[in-house]
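The values are calculated or read from the model by the stated rules, or taken from the named source; none is laboratory data. Predicted model, so just to flag it, every value in this text is computed and none were measured. Cβ: placed from backbone, ideal geometry, glycine included. Neighbour counts: every protein chain shown. These area figures cover heavy atoms from the full protein model, side chains too; ligands, DNA and RNA do not enter into them. Shrake-Rupley method; radii C 1.70, N 1.55, O 1.52, S 1.80 Å.
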Amino acid sequence: MSAQLHGLEELILFKLQISPPLSAETIFFSFKMSPFTFKSLTLVLLVSLLIWSATFGTCNARRGKHWRQSRRFRTSMYKKKEKNHGSNHQHNHGSRSKPKISPPATPGPPKTGHNSAVIFDVLHFGAKGDGKTDDTKAFQAAWAAACKVEASTIIIPSKYEFLVGPISFSGPYCQHNIVFQLDGTILAPTNFKPFGSGLYQWLEFTKLVGITVQGKGFIDGRGAIWWQDYSSNDPLDGEVELIVPLNNSVAENLQTPVSSSLVGKMPNIKPTALRFYGSFNVTVTGITIRNSPQCHLKFDNCVGVSVYSMNVLSPADSPNTDGIHLQNSREVVIHNTNLACGDDCISIQTGCSNVYIHNVNCGPGHGISIGGLGKDNTKACVANITVRDVNMHNTMNGVRIKTWQGGSGSVQGVLFSNIQVSEVQVPIIIDQFYCDKSKCKNQTTAVALSGITYERIRGTYTVKPVHFACSDSLPCTEVTLNTIELKPLQERYHMYDPFCWRTFGELYSETVPPIDCLKNGKPLKNQIQTYHDVC
């Protein structure tokens, strides 16, 4: 009897999948073929109800757009029945109704950048953008709001000029991945009063994670007022002494102090235009920084720095206006960037490691430098620096390492590769007697230099092709040269042959001009640094 009921159920379910639906006579005939019991009568009533419901659903489905959905619903019921063949039949033969259609999903919030909830326009916080009104408070208010929202964006819109005094966009309690979208222009004050007795920076981002400054806008330090008040006590580039003009008429083109009526009013410290301190995953792209009072862009105690497709613009005679300054920072990449300034295009100071610089245009300026290191008998540590695929035009120096006498620590693992120089005064320099004053004290200790490689450095020089001046007590070691082709270009200065002092290494190919002064191998005697001196 049980087997017959199972067979009957399967027959009914199969017939439900085809059209026309089963008639009552068919079902009655099927039951006549098996013994008639109370259970059979109950099943007949349930099946009759099922047929009536299915027929009603089928008719309705054929009239409307949900016919395919109803058919899938019945098919899934049939498959479920087959899977649970041994389960309770009455449970599986509940009343059939039209399948429920899920309501459409509620649309999610717009993507970041299109959601007004995460965009903070400084104009909405009271900024005027007329170049005259002080917009510092509006910028502070916009930052305070954006700081609370992860992946928020501060908008500095185009076609506006915002006068902003010294300001710090600071964490460490801000949310991550904030974007500072700079499409307009930010102007520095033209008087010294907002800087008080002296500040190290004008615009500062500090203790942030995932901070990005991007856009097509400008940061204008309006530094001419600071340059005019250039004090005779300010440092000069130590390599100036290597440059001897042919006649006195060109001496005025060299960097010299300029006095003015503003002396005494200027703060003791000139500010950097844009500084990042103690931050992780920092990106600067697209923007232009021009005419900074001193350094243009500085990274201090940062990890994970990316700088690309940006510009630095200042005159060649603007004093101490480094393009990009790195200190105590690691995992740094700088590429596809144009740097024109009055000092080092890129300056790499103590505490830097894993720095990769490539596809950079430098000039005017003082080249790309590691140092000066070891000033005031300090310890300096620099390692794993790569500078490659760089064009330098009309710069004082090319690629340079400079250290002070009396320092300690080391510079190791440096590669200068594929550097094209044009009208560069001294393309290759190691100077362990660096001094930015008129006179410095002679000292025996020094920062140790080793593992310095120069390869494929080509172009023209106007003073001296190579200048290696290493420490008497701690000579430079493992200095290698390969494919060096530097040709003289007589301009306005006396010209000199390559110079080497206490420099040991190896020539891997012939050089132009010949650099015979490089000593092969290692020094016989070398001062051993103490444990305190080693990095």
Residue within the range 356-376 that is acidic (Asp, Glu) and modelled with pLDDT under 95 present: yes
In the range 407-430, how many are open to solvent by 10 Å² or more (accessible area, probe 1.4 Å) and part of a strand (DSSP E or B)? 9
Out of Ile178, Ile186, report the one residue that is at pLDDT 95 or above, over 18 Å from the mean Cα position of the chain (by Cα) and not polar (S, T, N, Q). Ile186
Any chance the range 351-368 includes a residue that's of a type in the set (Ser, Thr, Tyr), open to solvent by 40 Å² or more (accessible area, probe 1.4 Å) and out of contact with any helix residue (DSSP H, G or I) (no Cβ under 9 Å at 6 or more places or on another chain)? yes
Can you say whether Ile346 is crowded, with 23+ Cβ neighbours inside 10 Å and within 18 Å of Thr480 (Cα to Cα), as far as the supplied structure shows? no
Pro245 fails exactly one of (1) at pLDDT 75 or above; (2) within 22 Å of Asn291 (Cβ to Cβ); (3) surrounded by fewer than 20 Cβ atoms within 10 Å (Cβ to Cβ), namely (2)
Mind counting the residues in the range 348-366 that are part of a strand (DSSP E or B), touching a residue at least 40 places away in the same chain (Cβ under 8 Å) and within 23 Å of Gly413 (Cβ to Cβ)? 0
Within the range 188-231, residues in contact with a His (Cβ under 7 Å, 6 or more places away or on another chain) and open to solvent by less than 20 Å² (accessible area, probe 1.4 Å) come out as Gly210
Name the residues in the range 316-332 that are at negative phi and open to solvent by 50 Å² or more (accessible area, probe 1.4 Å), would you? Ala316, Asp317, Gln327, Arg330
Of all residues making up the range 312-337, the number that are assigned to a strand (DSSP E or B) and either of a type in the set (Asp, Glu) or within 15 Å of the chain's Cα centre (by Cα) (or both): 11
Qualifying positions in the range 490-535 - within 17 Å of Arg458 (Cα to Cα), modelled with pLDDT of 95 or more and open to solvent by 60 Å² or more (accessible area, probe 1.4 Å): Asp497, Leu507, Tyr508, Glu510, Val512, Pro514
Members of the range 383-414 found to be among the hydrophobic types (A, V, I, L, M, F, W, C) and closer than 10 Å to Val447 by Cα, listed by number: Trp404, Val411
Which of the residues belonging to the range 435-461 are surrounded by 23 or more Cβ atoms within 10 Å (Cβ to Cβ) and either among the polar types (S, T, N, Q) or under 32 Å from the mean Cα position of the chain (by Cα) (or both)? Val447, Ala448, Leu449, Ile452, Tyr454, Ile457
Can you say whether Gly409 is farther than 17 Å from Leu326 by Cα and in contact with a strand residue (DSSP E or B) (Cβ under 7 Å, 6 or more places away or on another chain), as far as the supplied structure shows? yes
Looking at the range 369-382, which of its residues are open to solvent by 10 Å² or more (accessible area, probe 1.4 Å) and either in contact with a Leu (Cβ under 8 Å, 6 or more places away or on another chain) or assigned to a helix (DSSP H, G or I) (or both)? Lys375, Asp376, Asn377
I'm told Ser261 meets every condition in (1) hydroxyl-bearing (Ser, Thr, Tyr); (2) farther than 28 Å from Tyr308 by Cβ; (3) modelled with pLDDT of 70 or more except one. Can you identify the failing condition by its number? (3)
List pairs: first residue in the range 285-298 and among the hydroxyl-bearing types (Ser, Thr, Tyr), second residue open to solvent by 20 Å² or more (accessible area, probe 1.4 Å) anywhere in the structure, Cβ distance under 8 angstrom, at least six positions apart or on different chains. Thr285/Thr212; Thr285/Gln214; Thr285/Ser306; Thr285/Tyr308; Thr285/Ser309; Thr288/Phe218; Thr288/Asn311; Thr288/Leu313
